[in-house]
1. Can you tell me which residue among ASP287, ASP236 is in the same structural domain as SER74 (by TED's automatic domain parsing) and part of a helix (DSSP H, G or I)?
2. Can you tell me which of GLY68, GLY32, GLY18 is near the ligand (Cβ under 9 Å from one of its atoms) and of a type in the set (Gly, Ala, Ser)?
3. Hey, could you check segment 1-15 for residues that are modelled with pLDDT of 95 or more and of a type in the set (Val, Ile, Thr) and say which is farthest from the ligand (Cβ to nearest atom)?
4. Filter segment 277-302 down to residues that are in contact with a Lys or Arg (Cβ under 9 Å, 6 or more places away or on another chain) and either hydrophobic (A, V, I, L, M, F, W, C) or crowded, with 21+ Cβ neighbours inside 10 Å (or both) and give me whichever is nearest to ASP189 (Cα to Cα).
5. Which residue is surrounded by the fewest Cβ atoms within 10 Å (Cβ to Cβ), if the candidates are limited to segment 42-60 and must be farther than 15 Å from GLY315 by Cβ and near the ligand (Cβ under 6 Å from one of its atoms)?
6. Please give the number of the condition THR259 fails out of (1) closer than 17 Å to ASP205 by Cα; (2) touching a residue at least 24 places away in the same chain (Cβ under 8 Å).
7. Can you find even one residue in segment 213-220 that is of a type in the set (Asp, Glu), away from the ligand (no atom under 14 Å from the Cβ) and out of contact with any helix residue (DSSP H, G or I) (no Cβ under 7 Å at 6 or more places or on another chain)?
8. Between VAL12, VAL79, which is crowded, with 18+ Cβ neighbours inside 10 Å, of a type in the set (Val, Ile, Thr) and either outside any loop (DSSP other than H, G, I, E, B) or in contact (Cβ under 8 Å) with a residue 60 or more places away in the chain (or both)?
Amino acid sequence: MSSGNIAKSYDVIVIGGGAAGIGVAIALRHAGIENIVLLERHIVGASFALWPDETRFITPSFPSNSVGMLDLNSIAIGVSPAYSIEVEHPTGKQYAAHLQGIAKFFELPIQEETSVLRVTNYGDDFLVDTANETLRAKHVVWAAGEFQYPQLKGFQGSELCRHTATVPSYEELEGDKFIVIGGYESGVDAAYHLAHRKARVGLFDSGCPWKDESSDPSVALSVYTQQRMREKCFLDQVGLHPETTINSVTLENGLYHVTAHDGQLFRIQNPPLLAGGFEGSHRLVADLFEKRSDGFPLLSEHDESTLVPGLFLCGPAVRHDNHVFCFIYKYRQRFAVVAKAIATSLGLPANALENYRQWGMYLDDLSCCGEECAAC
Ligand SMILES: Cc1cc2nc3c(=O)[nH]c(=O)nc-3n(C[C@H](O)[C@H](O)[C@H](O)COP(=O)(O)OP(=O)(O)OC[C@H]3O[C@@H](n4cnc5c(N)ncnc54)[C@H](O)[C@@H]3O)c2cc1C
């Protein structure tokens, strides 16, 4: 690529217009960075808009700005989805509309319908290839999320299953008997909505996530989910199969044969539902990050690539030591850290972000409370 083909140059390109991309773009603007663009392959909030109709946030929203605490589902200081949506557990579509409203309110420079195909080094800068043009940036923030990159592999015949990320509505799925493989949040959510419409469901997991006693909802099921599992329709309609690893799925004479590691065989008419998590978009930029032993990108204390300075990661794939930042209230803690690092690199005064600290947001370190605590 020669520099002659470059359409435009920016101080920062943010890739992805979900909760992470919009949140970090607002922090970047608060830091005084003007020459920025956010590239979004569909529309702002596209992943949330694609959630099954019935799926709701498990983290509750509650207005708390008046006492200087952010709503758990807020991505920006002073913003509360509880206040704007007036729903405690919003649906994905409601939250997508909320993100679109915020993007407008903060007048973020967003280019929708722009899919990023590749990010490469270009001297000290980056080239960002989209389907139509090549852009240049001093800094890139990768915030393309996980939802649109589901984990489809894992056992023989997994391609015959249907990932829950591709289900528009559980109400509209044909059939009255289902198998759900994967018993964490998405799997229980699928089983719950199917049970509500009186379908019988077998919920399989290689472990037993329903009994995990950790206090961290990144590891154990949320309280919202535990409550739903205690409802009569769930107890009546859903059969739990803990410690049951599925080895293969085959299609024989119009029936799906689901075989477990211990030889148990289950036959079902509909494709089994796969709720095995997400591969994540970071695989598109895997060559620009070192890898941790768990496969996630290795990050500096500013969430920057340790291989290629200037490239940052934002969103649920952020990991530091044993901290998993997979919920909005967790990964938003990193927005100001990234914005401060980029502002400093551009020679801007980082004190513009000081008020983030007053809202309990991190600015420059990893500690959640400054001391060892049970939650850490
Ligand atoms: C069923 C379900 C329930 C959940 N419930 C909760 C909850 O209650 N509370 C909570 O905090 N979290 C919850 N989460 C997690 C939360 O949804 C994610 O953490 C969040 O969506 C991540 O935001 P993001 O901006 O990183 O990714 P996304 O929301 O996926 O945004 C990424 C954006 O990038 C765009 N994009 C992707 N690839 C490209 C590309 N190559 N070029 C340009 N743009 C691209 C996409 O179109 C998308 O708009 C849930 C997740 C699921 C699946």
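The values are calculated or read from the model by the stated rules, or taken from the named source; none is laboratory data. This structure is a prediction, so every number in the text was calculated from the model and none was measured. Glycine also receives a Cβ, built like all others from the backbone with ideal geometry; neighbour counts cover every protein chain displayed.
1. Numbers: ASP236 fails: in the same structural domain as SER74 (by TED's automatic domain parsing).
Of ASP287, ASP236, the one residue that is in the same structural domain as SER74 (by TED's automatic domain parsing) and part of a helix (DSSP H, G or I) is ASP287.
2. Numbers: GLY68 fails: near the ligand (Cβ under 9 Å from one of its atoms); GLY32 fails: near the ligand (Cβ under 9 Å from one of its atoms).
After applying the criteria, what remains is GLY18.
3. Quick first cut of segment 1-15, residues modelled with pLDDT of 95 or more only: 8-15.
Now narrow it down to the ones that are of a type in the set (Val, Ile, Thr): 12-15.
Values: VAL12: 15, ILE13: 10, VAL14: 10, ILE15: 5 Å.
If we take residues in segment 1-15 being modelled with pLDDT of 95 or more and of a type in the set (Val, Ile, Thr), then VAL12 is farthest from the ligand (Cβ to nearest atom).
4. Here the residue is PHE296.
5. Filtering segment 42-60 for residues farther than 15 Å from GLY315 by Cβ gives 42-43, 49-60.
With the extra rule that they be near the ligand (Cβ under 6 Å from one of its atoms), the set shrinks to 42, 51, 55, 57-59.
Values: HIS42: 15, TRP51: 23, THR55: 22, PHE57: 24, ILE58: 17, THR59: 19.
The selected residue is HIS42.
6. In the conditions (1) closer than 17 Å to ASP205 by Cα; (2) touching a residue at least 24 places away in the same chain (Cβ under 8 Å), THR259 misses (2) alone.
7. Here is the first cut: in segment 213-220, the residues of a type in the set (Asp, Glu) are 213, 216.
Cutting the leftovers down to away from the ligand (no atom under 14 Å from the Cβ) gives us 213.
Right, trim to out of contact with any helix residue (DSSP H, G or I) (no Cβ under 7 Å at 6 or more places or on another chain) and you get 213.
There is at least one residue in segment 213-220 that is of a type in the set (Asp, Glu), away from the ligand (no atom under 14 Å from the Cβ) and out of contact with any helix residue (DSSP H, G or I) (no Cβ under 7 Å at 6 or more places or on another chain).
8. Details: VAL79 fails: either outside any loop (DSSP other than H, G, I, E, B) or in contact (Cβ under 8 Å) with a residue 60 or more places away in the chain (or both).
The conditions single out VAL12.
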